[in-house]
Amino acid sequence: MADENRKNGDEVGVLERVKSGIKDDMQSLKTDLPAKAKEQLDGLKDPTKTQVYTSIFRHKHDDTPRNRALGVLSNVFLHLHPAKINRDSVRYSYTWGMGGITFYLFIVLTFTGVLLMFYYHPSKVQAFRDVLYLEHDVPFGKLLRNMHRWAAHLMVIGVWLHMFRVFLTGSYKKPREFNWNVGVILLVLTLLLSFTGYLLPDDQLGFWAVTVGTNMARATPLLGHEGPLGAQLGMTPYNDVRFGLLGGSIVDANALLRSYIWHCIGIPIVASIFMIVHFWRVRKDGGISGPAPVMLAAEADKPRRGPKAAGE
Amino acid sequence: MDWRQLWDIMSAPDNVPIVGLIPLLGFYIYLAWKQAKANDDLVVELEGDAALAKTHHRKSWPFRPGWAKEVHVWPFLLRIEFLAAIIVTIILMVWSITLNAPLEEPANPNLTMNPAKAPWYFLGLQEMLVYFDPWIAGVVMPTLIIVGLMVIPYVDTNPLGSGYYTWKQRKFAIGTFLFGFIILWVAMIIIGTFIRGPGWQWFWPGQTWDHNRLIYEVNIDLPDIFGITSNLAKAIFGAIVVGGYYLVGGFIVHALFRRYNPKDYQRMSLLQYSIVMVFLLTMVALPAKMMLRLLWHIKYVWITPWFNI
């Protein structure tokens, strides 16, 4: 009996405790949840205070000079820029913006190029059909191919105009000599990128353009079988520099594959590396060259004392 | 006047970039010339007024005390970059919607395209093939162009005109570059694109591209004019002519350079001066050989068993 009572009493006690516990839980749902919800909603009114936001953007966004500078400096994509630049350096009439436009076109070309790669097989059987398929069946395929083509041509023009501007403003002069050279290499790589892409549709236009282009390699002095002193050095159509370029003695399947690999992998990687150096050197050599204060002939052979001496 | 023919060439999709390049170049040359003139005027003004030269901010754009010398990249530069990206995207989109990339018939090695043309940006080099053997036009010339561009910063000793547009302070440098870029590169591309038709023959704009046209044209070699027949004599004669061109031409350029560009002449080392000379004379040799060919039908100047120039 006593045992039973104790047992019952314990059971009653447990039941009571469970009941009151649930009651507390219910109560907390009624009082705490709305309070927390209110807190949450208040938090959403200013998302910049949330942990997610502050973990991504590491500084405040108030409209202060400091935050404007931080906005550029603490962003991986923007930090190539300095925080502040000369007021005249933003003038389009001076810069023409061609370097930046060329880089932007390179990005556009990478993007459209990767999409094109999904539809393209670099083989003699498939390549031309893939282009037809792309033009007639793939949604927006024609637009994609057109954009890639015209962006490539625009990029060639952009590079030329950029070089033209840099020359006309004397921007290759000390201390930017080396960066001019990096730029010349980028010019060559741009032309090679465009040229290797020309063959890929595997149509008459590309085939004959590349045939004409690589025929010149036959005539390389010393290294081509038709070039000066080539035959004397044992060059034949099957071992000269043109054979190396085409992977054969005629423009055929191997040439298509080689073009494809140079176009999609080899040259873009090399060009990217040179671009990294190019942009880095722009900053290291003191930002863009001008517009600088004009120098008078009488001052030319004296050491320059900087813009402050000119009263700026 | 065959307008249809003209339109066909101008509107060929791959030729559109060149058609676009011409007004674009015109615009940017105008833009550069305008600023160069403003800067040159400013230089004249400051050189005549020493007191002003000490206080002037030395730009053709206005600047007043109290104005910030520097501006924030955000937003003043980034908004321009963003705008440029949008504008380029719009141009590219409109261009891609309105004009289709060319696609000819499948590649066929047995059916030669006539004319078979390289991509438009290499047509200057292909045009050179008319006047020079492939090893010069296709290999030596491109190499010289690249090397020539690369030596520019190391042979241009003129400290003036660094970071601003000018003409009067850099006449020689800018003149040479314009000659190389506009005449030897762009003009040659335009000839290669619009003038050269089937068989790589010369067709004036608007002339019908006649695939059956035959031109009876006998090209002769320079030694033949002088009645030189033996191979050894031809080789020696050619070496004398080419060597003579560089010597006499070099002397003329020297005489002009030291008169009209005495400061640069004084500043340049022997190596710098020699490099400039060689590249300049080689550049001038290009149109010189073109003239020999187009006006007097002379094919080679220097004939040897291994190479011809």
* Alpha-carbon Rg/Rh ratio, for the range B:122-233, with Rh computed the Kirkwood way -> 1.11
* Can you give the helix-only mean residue ellipticity at 222 nm for the protein assembly as shown, where every DSSP H stretch with n ≥ 4 adds -39500 (n - 2.57) and the sum goes over all residues, rounded to the nearest 500 deg cm²/dmol? -> -19000 deg cm²/dmol
* In degrees, nearest 10, range 0 to 90: what is the angle between the Cα axis of helix A:141-168 and the longest Cα principal axis of chain A? -> 70 degrees
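What number, in percent, do you get for the relative contact order of chain B if the mean sequence gap of Cα pairs under 8 Å and at least 6 apart is divided by its residue count?
Details: 211 pairs, mean separation 74.6, N = 309.
24 percent.
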* Using the scaling law 2.2 N^0.38 Å as the reference, what is the normalised Cα Rg of the range B:162-309? -> 1.33
* Using θ = phi - 60° and the Karplus form 6.51 cos²θ - 1.76 cosθ + 1.60, what ³J(HN,Hα) does each residue of the range A:47-58 get, whole Hz, x for Gly and Pro? -> x, 5, 8, 6, 5, 4, 5, 5, 6, 7, 9, 8
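Hydropathy first: keep DSSP H helices in chain B averaging at least 0.0 on Kyte-Doolittle, then drop any whose Cα extent along the axis falls short of 15 Å, and list what survives.
Working: long enough: B:16-47 (46 Å, 0.78); B:78-98 (30 Å, 2.10); B:141-155 (20 Å, 2.13); B:231-260 (43 Å, 1.06); B:270-296 (37 Å, 1.64).
Those that clear 15 Å and a mean of 0.0 are B:16-47, B:78-98, B:141-155, B:231-260, B:270-296.
How well do other chains shield peptide B:57-69, expressed as the mean number of their Cβ atoms within 10 Å of each residue Cβ? Can you show the working numbers first?
Working: counts 7, 11, 13, 3, 6, 0, 5, 0, 0, 0, 1, 2, 6.
Average per residue, whole number: 4.
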* Asked: What is the spread of the Cα atoms of chain B along each of their three principal axes, largest first, in whole Å?
  -> 77, 56, 33
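Compute the relative contact order of chain A as a whole-number percentage, counting only Cα pairs closer than 8 Å that sit 6 or more residues apart in sequence.
Values: 238 pairs, mean separation 44.5, N = 312.
Here the relative contact order equals 14 percent.
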* **Projected-area mean, the range A:54-107, by convex hull of Cα positions, square nanometres** => 4.9 nm²
* Could you please rank A:T102, A:T196, placing first whichever residue has the fewest other Cβ atoms within 10 Å of its Cβ? => A:T196, A:T102
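How big is D for the protein assembly as shown, in µm² s⁻¹ as a whole number, if Stokes-Einstein is applied with the Kirkwood radius of its Cα pairs at 4 °C and 1.567 mPa s?
Details: Rh = 29.1 Å.
Once the numbers are plugged in, D ends up at 45 µm²/s.
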* To do: Rank B:H56, B:H72, B:H297 by mean-square fluctuation in a GNM of chain B with C-alpha springs under 10 angstrom and give only the top-ranked residue.
  => B:H72
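Please compute, for peptide A:240-246, the average count of beta-carbon atoms on other protein chains lying within 10 Å of each residue's beta-carbon.
Numbers: counts 0, 1, 0, 0, 0, 0, 0.
Mean number of neighbouring Cβ atoms from other chains: 0.
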* Structure fact -> Highest GNM mean-square fluctuation among B:P13, B:P65, B:P142, for chain B with Cα springs under 10 Å, belongs to B:P65
* Structure fact -> Nearest 10, in degrees from 0 to 90: the angle of helix A:267-284 to the longest Cα principal axis of chain A is 80 degrees
* Structure fact -> Mean other chain Cβ within 10 Å across B:297-306 is 1
* Structure fact -> Across all Cα atoms of chain A, Rg and the largest Cα-Cα distance (Dmax), in Å, are 33.6, 121
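Where a number appears in this text, it was derived from the coordinates with a stated rule and is not lab data. These numbers come from a predicted model, not from an experiment. Quick reminder, even Gly has a Cβ in these numbers, built from the backbone with ideal geometry, and neighbours come from all protein chains shown.
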